[in-house]
């Protein structure tokens, strides 16, 4: 009887430790990519069987609650601004001088017609806070030994995905591969990281390829042109007033 109790306690401790380790691995990878704050310049190529469209934009973020994106190209989209302020997401459209509040139901929709969702853009959900993490094995991805970690949404978490699997590079604490599933655990899309570069002292993938599972020939490629971490930025920057004058703002 004592042996049985000891075994149960040992198993429970092992599961608890594994969960803590998996969460720590995910948190390290997330912190490396986000920092306390950051400013970046990115390009997004929307690839379709009959055309490719490229959008360039600037991002500013502070923690998990403040995020702003300013579209710099092409000309017809230039000036559009997207902002996350705590739990609200806004879109300013200068062509019609209109400010629109985006409802939670739009978080799963593609941003600017891409395979990159509104939730991805503003990091509405947190891969650290909103999910339970389980280490399910080790696997090699393109010559990189990785932790394979399953993320299941916590109860009442406001998230887009029913399940996520991440492969986290053991050496660099970056994510070369991710798979995203709907609530019925059908694969919706795969993300692949490519071309490691050093940005502000951090080795990161400079390109991320997003491939939808059921749309042959479609993909979206996000490229980091530049990124600075732990920049001096205040909560007051993330306001509707700044959304309308962001072109003249210099950080």
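Report, by residue number, each residue of the stretch 33-55 that is within 20 Å of residue 226 (Cα to Cα) and either assigned to a strand (DSSP E or B) or free of Cβ contacts under 8 Å to residues at least 40 places away in the same chain (or both).
Within the stretch 33-55, the first condition is being within 20 Å of residue 226 (Cα to Cα), and the residues that meet it are 33-46, 54-55.
37, 38, 39, 40, 41, 42, 43, 44, 45, 46, 54, 55, listed by residue number.
Would you mind listing the strands (runs of 3 or more DSSP E) fully within the stretch 91-208 where at least 2 residues are surrounded by 15 or more Cβ atoms within 10 Å (Cβ to Cβ), touching a residue at least 60 places away in the same chain (Cβ under 8 Å) and touching a strand residue (DSSP E or B) at 6+ places or on another chain (Cβ under 8 Å)?
Working: elements: 98-102, 131-141, 144-153, 163-169, 177-181, 187-199.
Those strands (runs of 3 or more DSSP E) span 131-141, 144-153, 163-169.
So for the stretch 232-247 (the condition being in contact with a helix residue (DSSP H, G or I) (Cβ under 9 Å, 6 or more places away or on another chain), more than 22 Å from residue 43 (Cβ to Cβ) and touching a residue at least 24 places away in the same chain (Cβ under 8 Å)), does at least one residue qualify? It would help to see each step written out before you state the result.
So in the stretch 232-247, the residues in contact with a helix residue (DSSP H, G or I) (Cβ under 9 Å, 6 or more places away or on another chain) come out as 236, 242.
Filter once more, so that each one left must be more than 22 Å from residue 43 (Cβ to Cβ): 236, 242.
After this cut, where a residue has to be touching a residue at least 24 places away in the same chain (Cβ under 8 Å) as well, the list is 242.
Looking for residues that are in contact with a helix residue (DSSP H, G or I) (Cβ under 9 Å, 6 or more places away or on another chain), more than 22 Å from residue 43 (Cβ to Cβ) and touching a residue at least 24 places away in the same chain (Cβ under 8 Å), one finds at least one in the stretch 232-247, hence yes.
Laboratory data are not the source of any read-out in this text; all were calculated from the coordinates shown. Every value quoted in this text rests on a predicted model; they were computed, and no experiment measured them. Neighbour counts run over all protein chains shown; Cβ positions are idealised from the backbone, glycine included.
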